[in-house]
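As structure tokens, the structure follows; a few thoughts come after it.
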């Protein structure tokens, strides 16, 4: 997964700056070098959060990704089939 150029602290600081009325969205985006879509995506994900909450969110997302990853060795040995990360039933003909 691609890493962001910005840390959670930087994103939250940018969002707090975006809330201040005199600054415009376009000006902030130009200064940061991001598109308006990126700014609004950040707002959807991090809006109203403090830095500690954003860090906790990242830790939980990493843990969730690790726990939901299919066991690759299990795929090889038991003939299980995965579709979109979910284990599906396989018929006897498909296994043989």
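Figure the gain on full extension for residue 63 and residue 20 (residue separation times 0.36 nm, minus the Cα-Cα span) and round it to one decimal in nm. Spell out each step's value before the answer.
Numbers: separation 43, 0.36 × 43 = 15.48 nm, distance 3.45 nm.
Between residue 63 and residue 20, full extension yields 12.0 nm more.
Compare the peptides 37-50, 5-18, 55-68 by average per-residue count of other Cβ atoms within 10 angstrom and give them in order, highest first.
Taking the mean over residues of other Cβ atoms within 10 Å, the ranking is 5-18, 37-50, 55-68.
Within the stretch 29-70, list the residues whose amide N lies under 13 Å from a label point set 7 Å along Cα→Cβ of residue 9.
Counting backbone N atoms under 13 Å from the label point, the list is 51-52, 55.
Throughout, read-outs are computed from the coordinates displayed, never taken from laboratory work. Keep in mind that this is a model prediction, so the values were computed, not measured. Virtual Cβ from ideal backbone geometry, glycine too; neighbours counted across all protein chains shown.
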